[in-house]
């Protein structure tokens, strides 16, 4: 995994490495996503279904997305994905050349330490390095806490959508102002 280390993030809780995941990290990525889905379900947040993270789905992620891991002492403790287009969620508002962030996850012992925010800030920096126009994401409209966090980080509400009977909000961060 060390050959894929891209950068470090310094936080009040220590220094973390950011690495580009490789297919050998497939089980770790899948385990983190299932753990997060089960945790959310336990809180009544029906944003992800643990059963959606099949082995084939994770293979698709590796084929189509950039998968980043947050690492502490050689242990992956968080992750997110980036892609350069997202017509599935953004529909007519989709713009090629933006970064679209998905699957932001932090393992349970590390939740509540502002690591999600640190990963988002790093994703904005990475997007700028990749010459992308903006950092975009979507969020289930029923997840009030997460919607507030994105707004507090400088994301601007760009629209709404609906998928499988659930509404979601679309957000964009201007990475050129960072």
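The values are calculated or read from the model by the stated rules, or taken from the named source; none is laboratory data. All of these numbers come straight from a predicted model, not from anything done at the bench. Cβ placement follows ideal geometry from the backbone for every residue including glycine, while neighbour counts extend to all protein chains displayed.
Yes or no: residue 173 under 24 Å from residue 57 (Cα atoms), at pLDDT 95 or above and in contact with a strand residue (DSSP E or B) (Cβ under 9 Å, 6 or more places away or on another chain)?
No: the conditions fail for residue 173.
Report yes if some residue within the stretch 58-71 is in a loop (DSSP other than H, G, I, E, B) and touching a residue at least 24 places away in the same chain (Cβ under 8 Å); otherwise report no.
Checking the stretch 58-71: at least one residue is in a loop (DSSP other than H, G, I, E, B) and touching a residue at least 24 places away in the same chain (Cβ under 8 Å).
Out of all the residues in the stretch 6-26, is one or more part of a helix (DSSP H, G or I) and within 28 Å of residue 143 (Cα to Cα)?
yes
Do we have any residue at all in the stretch 108-123 that's within 16 Å of residue 21 (Cβ to Cβ) and buried (at least 22 other Cβ atoms within 10 Å of the Cβ)?
yes
In the stretch 125-178, what residues are under 25 Å from residue 41 (Cα atoms), part of a strand (DSSP E or B) and in contact with a helix residue (DSSP H, G or I) (Cβ under 8 Å, 6 or more places away or on another chain)?
136, 137, 138, 139, 140, 161, 163, 168, 169, 170, 171, listed by residue number.
In the stretch 130-167, which residue that is surrounded by fewer than 14 Cβ atoms within 10 Å (Cβ to Cβ), out of contact with any strand residue (DSSP E or B) (no Cβ under 8 Å at 6 or more places or on another chain) and free of Cβ contacts under 8 Å to residues at least 60 places away in the same chain is nearest to residue 111 (Cα to Cα)?
145
With respect to residue 117, is the statement that it is under 20 Å from residue 143 (Cβ atoms), part of a helix (DSSP H, G or I), free of Cβ contacts under 8 Å to residues at least 40 places away in the same chain and out of contact with any strand residue (DSSP E or B) (no Cβ under 8 Å at 6 or more places or on another chain) true?
The answer is yes for residue 117.
One line per residue, one yes/no per condition, for (1) more than 16 Å from the chain's Cα centre (by Cα); (2) within 20 Å of residue 175 (Cα to Cα):
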| residue | (1), (2) |
| --- | --- |
| 8 | yes, yes |
| 41 | yes, no |
| 48 | no, no |
| 69 | no, no |
| 110 | no, no |
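Restricting the search to the stretch 134-156, which residues are modelled with pLDDT of 95 or more and under 17 Å from residue 87 (Cα atoms)?
Correct list: 134, 135, 136, 137, 138.
Within the stretch 34-57, which residues are at pLDDT 90 or above and touching a strand residue (DSSP E or B) at 6+ places or on another chain (Cβ under 6 Å)?
Correct list: 36 only.
Before we move on, is residue 40 part of a helix (DSSP H, G or I) and either more than 22 Å from residue 138 (Cβ to Cβ) or without any contact (Cβ under 8 Å) to a residue 60 or more places away in the chain (or both)?
yes
Looking only at residues that are touching a residue at least 12 places away in the same chain (Cβ under 8 Å) and touching a helix residue (DSSP H, G or I) at 6+ places or on another chain (Cβ under 8 Å) in the stretch 80-97, which one is surrounded by the fewest Cβ atoms within 10 Å (Cβ to Cβ)?
Among residues in the stretch 80-97 that are touching a residue at least 12 places away in the same chain (Cβ under 8 Å) and touching a helix residue (DSSP H, G or I) at 6+ places or on another chain (Cβ under 8 Å), the one surrounded by the fewest Cβ atoms within 10 Å (Cβ to Cβ) is 83.
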